[in-house]
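Data first, discussion second: the structure below is written as structure tokens.
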């Protein structure tokens, strides 16, 4: 079984290499980019396949030599260790070949909202915004704030921003859910620890061709944008609310001075939410149940807990705990992303294996 897979990987990789040097393919920019993307995605599996083939050859050669002269301790060790190493490599190859989420290459829209905990929740929402923005920067992605509703104490009631770059969704999709913080607020005179939450939704940004919005399905309301305390910050009706009548999804945007810019931003968010709904419906047909990303934002629901007194961060989905809270809030999230990505691949591999079973 694994030998067949390795043969397929090597054959496909050689075919892609040939195509990438074909003048006709090079002349077709779109096709060349598509082949290049598949080549890069297959590269890790091909590297593992080469290691497997080399170890298999070494193993068989060592067994033949031991049959002739069984006194070489190095050969005996190689023969003893090789089966376990081969099985480990085979598992890594299977995981590397798990079908990629078609949305993984997309840009994303991230929506952070203060949950339970009042002012402290808003401050925590601000911390999460900084954390995810810094992580995006570390991974080489660009960020763009789409809309924000700052809280008077600092932080945000809610903030929506885009993370742009090839593979952004593959990195940030694991951040969707309820994040919980445990710390002593600055206003707490008794030194008691409070628990607050903020919710994060991560939406793959949809292209117009993926989600067609019929203008007749839209209700467009324009109004004057308002600042803190309800005061008008604009003398023209530049704020826009788009309501998609068939689904009831509504998006408001007022950050820009131009009504046209606000409408364009609102359409981006609306399209992403419609795409997310479409994906959820598709997944519901395949799986009997699908956990919601965000939940209600209650304290009992959480994907990750940030404990300030103990400088501890725990991701409850993969039981990974880090004791470097400051570095995590500064964007050091790779340990969690890697563990969650590996777990996702294991689950997908198990599902694919179950589907393939007679």
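FYI, it's all coordinate maths here, none of it is from the lab. Since the model is a prediction, treat every value here as computed from it, not as a measurement. Virtual Cβ from ideal backbone geometry, glycine too; neighbours counted across all protein chains shown.
Structure notes:
- Per-residue extension of 0.36 nm, minus the Cα-Cα distance of residue 342 and residue 323, leaves a gain of 4.7 nm for this segment.
- Computed extension gain for residue 64 through residue 311, at 0.36 nm per residue and net of the alpha carbon distance, reaches 83.4 nm.
- Residue order, fewest to most beta carbons within 10 Å, for 131, 267: 267, 131
- Global size of region 110-192 as Cα Rg and Dmax, reported in angstrom: 13.9, 48
- FRET efficiency estimate (nearest 0.05) - Cβ-Cβ, residue 37 to residue 245, R0 41 angstrom: 0.65
- Across the chain, the mean sequence separation of Cα contacts (distance under 8 Å, 6 or more residues apart), normalised by length, yields a relative contact order of 15 percent.
- Computed from the Cβ-Cβ distance with R0 of 30 Å, the FRET efficiency linking residue 157 to residue 193 stands at 0.85.
- 16 Å cut-off, amide nitrogen to a point 7 angstrom out along residue 164 Cα→Cβ, residues in region 89-127: 106-110
- For the listed peptides 195-203, 8-16, a ranking on the average number of other beta carbons within 10 Å per residue, highest first, reads 195-203, 8-16.
- Neighbour counts of C-beta atoms inside 10 Å place 344, 212, 137 in the sequence 212, 137, 344, starting with the fewest.
- For the chain, the longest principal axis of the alpha carbon atoms and the long axis of helix 29-68 meet at an angle near 30°.
- Which of 128, 50 has the fewest Cβ neighbours within 10 Å, and the rest in rising order: 50, 128
- Under the Debye formula (equal points on every Cα, no solvent term), log10 I(q)/I(0) of the chain at q = 0.09, 0.12, 0.13 Å⁻¹: -0.67, -1.04, -1.16
- Helix 259-286 axis versus longest C-alpha principal axis of the chain: approximately 50°, rounded to the nearest ten.
- Measure of compaction for region 2-96 (Cα Rg per 2.2 N^0.38 Å): 1.46
- The distance from the alpha carbon centre of region 166-200 to that of region 302-352 is 13 Å, rounded to a whole number.
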